[in-house]
Number of protein chains: 2
Amino acid sequence: MTSVNRLSRLDPEIAARLKRDASGLFPAVAQQYDTGEVLMLAWMDDEALHRTLTTGLCTYWSRSRQEYWVKGATSGHEQRVKSVALDCDGDTVLVRVDQVGGACHTGDRTCFDATVLKPAAPPSAASPPPAGSPPAAAAGS
Amino acid sequence: MTSVNRLSRLDPEIAARLKRDASGLFPAVAQQYDTGEVLMLAWMDDEALHRTLTTGLCTYWSRSRQEYWVKGATSGHEQRVKSVALDCDGDTVLVRVDQVGGACHTGDRTCFDATVLKPAAPPSAASPPPAGSPPAAAAGS
């Protein structure tokens with residue numbers, strides 16, 4: 001496994017808890033702090049996390065451009081950081097933000113708006129099935 | 001880049017839209033469908049996504065055990081699938097679920113409960129600062 005060691009000013013105590021992939025990156029989930037919308041997933045390295053924690057604006061590492069990327073720096077659709085949490089394994093960050101405008105480069109509010117693979121059941125699905133319908137399968141494994 | 005080609009029954013039209021890492025995997029974010037809580041992030045391959053879409057229970061690929069993993073199969077803390085969406089780049093899945101019990105192996109409700117790197121400001125932070133306080137910095141860049 002190769003290791004990427006970009007310079008970072010991240011607090012060493014936080015850095016010691018992180019688990020990174022072979023490129024020195026970990027996924028960061030951005031969530032709208034008040035509505036709970038999952039806005040997008042992008043990637044951070046230690047320095048991107050440091051900048052996110054200290055500047056108040058979400059900063060990611062662009063895998064395609066190989067450079068730091070302050071979300072909204074060109075579009076104005078910035079993510080103002082409200083809180084940051086690390087998961088139990090130390091390999092994923094959850095950033096709660098106040099998203100200005102749309103999070104998605106397509107203009108959508110979130111990056112998950114356009115392609116639904118399995119739609120949520122409509123509220124009417126909770127109605128009793130018509131007579132003669134087979135019983136619903138139990139959801140347990 | 002190596003490619004992993006596990007057998008999959010995933011709909012070819014969905015498979016054609018997916019972008020996977022060198023191990024054939026992509027991140028999946030699990031979110032409680034009604035409260036909006038981000039519960040955890042785990043990894044899927046095509047077949048895990050197929051099982052998640054068709055069985056009604058979230059199924060992941062365990063990178064440590066190198067096997068499929070039905071969330072809650074041993075703990076009972078299963079994730080009943082409500083809807084599934086793919087992001088704009090085709091490289092991340094968002095699964096809205098009804099989480100039974102805690103999502104985290106530690107017993108916490110979510111995997112992001114234990115380690116807060118930057119806490120949310122208390123509600124009182126919205127109150128006017130005491131006289132003599134410096135003005136708050138603007139959050140914009």
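The values are calculated or read from the model by the stated rules, or taken from the named source; none is laboratory data. The structure presented is a predicted model; accordingly, all values stated were derived computationally and were not measured. Quick reminder, even Gly has a Cβ in these numbers, built from the backbone with ideal geometry, and neighbours come from all protein chains shown. These area figures cover heavy atoms from the full protein model, side chains too; ligands, DNA and RNA do not enter into them. Shrake-Rupley method; radii C 1.70, N 1.55, O 1.52, S 1.80 Å.
Quick one: if the Förster radius is 25 Å, what FRET efficiency do B:Thr35 and A:Ala16 give, using the C-beta to C-beta distance and rounding to 0.05?
Details: r = 32 Å, r/R0 = 1.27.
Computed FRET efficiency for B:Thr35 and A:Ala16 comes out at 0.20.
Going Cα to Cα from B:Lys71, which lysines come in below 16 Å? Please leave out same-chain ones fewer than 8 positions away.
Straight-line reach from B:Lys71, under 16 Å: B:Lys82.
Select the chain A residue whose beta carbon lies nearest to the rotation axis carrying chain A onto chain B, and write the distance in whole Å.
Smallest Cβ distance to the axis, with its residue: A:Gly36, 1.
Roughly how many Å is it from the Cα centre of segment B:26-98 to that of segment A:39-118, as a whole number?
What the calculation gives is 21 Å, centre to centre.
Once the label point is set 7 Å along the Cα-to-beta-carbon vector, what list of distances in nm do you get between B:Gly107 and its counterparts in the other copies?
Here the equivalent label points are 5.1 nm apart from this one.
Tell me, what is the per residue accessible area of segment A:12-99 in Å², probe radius 1.4 Å? Mind dumping the intermediate values first?
Details: 3420 Å² over 88 residues.
With all protein chains present, segment A:12-99 gives 39 Å² per residue.
Can you work out the FRET efficiency for the pair A:Ala73 and B:Thr74, with r the C-beta to C-beta distance and R0 = 35 Å, to the nearest 0.05? Working shown, then result.
Values: r = 45 Å, r/R0 = 1.29.
Plugging the Cβ-Cβ distance into 1/(1 + (r/R0)^6) gives 0.20.
Straight-line reach only, C-alpha to C-alpha below 13 angstrom: list the aspartates and glutamates that B:Lys19 could link to, leaving out same-chain residues fewer than 8 apart.
B:Asp45, B:Asp46, B:Asp87, B:Asp89, B:Asp91
What percent do you get for the relative contact order of segment B:12-99 when only Cα pairs under 8 Å and 6+ apart count? Write down the numbers at each step before the final one.
On the way: 164 pairs, mean separation 26.0, N = 88.
Value for segment B:12-99: 30 percent.
Mind grabbing the interface size between A and B? I mean buried accessible area, both sides, 1.4 Å probe, in Å² to the nearest hundred.
Values: alone 9140 and 9140 Å², together 14720 Å².
Chain pair A/B: roughly 3600 Å² of buried accessible area.
Say a label goes 7 Å from Cα toward Cβ at A:Thr55 in every copy; what distances in nm does this one have to the rest, shortest first?
Output for A:Thr55: 4.3 nm, nearest copy listed first.
Would you pull out the residues with amide H under 5 Å of A:Met44's amide H, same chain only if 5 or more places away, H placed 1.01 Å from N?
HN-HN under 5 Å from A:Met44: A:Phe26, A:Ala28, A:Trp61.
May I ask for log10 I(q)/I(0) of segment A:12-99 at q = 0.23 Å⁻¹, from a Debye sum over the Cα atoms as equal point scatterers with solvent left out?
Once normalised to I(0) and log-transformed, intensities are -1.18.
Quick one: net charge of B:Leu41's neighbours, Cβ under 11 Å, K/R +1, D/E -1? Before the final figure, lay out the partial values.
Values: positive: none; negative: A:Asp87, A:Asp89, A:Asp91.
With Lys, Arg at +1 and Asp, Glu at -1, the net is -3.
Which length gain, in nm to one decimal place, applies between B:Ala121 and B:Thr106 when the Cα-Cα distance is subtracted from 0.36 nm times their residue separation? Working shown, then result.
Details: separation 15, 0.36 × 15 = 5.40 nm, distance 2.59 nm.
Fully extending the segment from B:Ala121 to B:Thr106 adds 2.8 nm.
Going by amide H atoms built from the backbone, whose H comes under 5 Å of the H on A:Gly56, apart from near neighbours?
Counting only residues 5 or more places away or on other chains, the set is empty.
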